[in-house]
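Working notes, beginning with the structure itself.
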């Protein structure tokens with residue numbers, strides 16, 4: 001959600017599950033896609049998605065281990081636990097039930113939409129390399 005892509009997306013359920021079990025997490029190129037994310041973000045994602053459940057972030061000390069990660073360094077833990085933490089972004093939701101999508105980059109051209117689908121050649125490579 002933070003960078004606009006999921007780490008293991010695939011339309012086919014079997015391939016999705018295969019990617020979850022076997023694929024490495026790959027982050028999109030910052031310059032090519034004009035996005036920003038920190039080293040702390042990469043680190044926490046990799047630790048939360050560790051294939052070894054005994055080494056996964058939170059496996060030893062539950063939520064306390066997760067909230068102690070440097071990614072959450074700027075969050076006041078006391079305010080969070082007391083329920084008084086103010087989120088940095090509150091979407092504008094109108095009285096009529098509409099949703100303000102100004103915080104989302106909408107894909108609008110056919111080329112943009114085509115780039116969101118994994119080409120068959122890459123799918124074949126993925127299946128070949130996972131065997």
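What follows is calculated from the coordinates using simple rules that are stated; it is not laboratory data. None of the values given here were measured: they were computed from a predicted structure. Cβ placement follows ideal geometry from the backbone for every residue including glycine, while neighbour counts extend to all protein chains displayed.
Quick notes
- Legend: ranking of residues 54, 76 from fewest to most surrounding C-beta atoms inside 10 Å; resulting order 54, 76.
- The length gained by stretching the chain between residue 80 and residue 29 to full extension, at 0.36 nm per residue less their Cα-Cα distance, is 15.1 nm.
- As a rough footprinting exposure proxy, the listed residues 47, 84, 77 were ranked by other beta carbons within 10 Å of their own, and the order from fewest upward is 84, 77, 47.
- Between the beta carbons of residue 73 and residue 124, assuming R0 = 30 Å, the FRET efficiency works out to 0.10 to the nearest 0.05.
- Note on residue 22/residue 65: beta-carbon distance plugged into 1/(1 + (r/R0)^6) with R0 of 22 Å gives a FRET efficiency of 0.30.
- Cα Rg over Rh - the stretch 1-64, Kirkwood: 1.00
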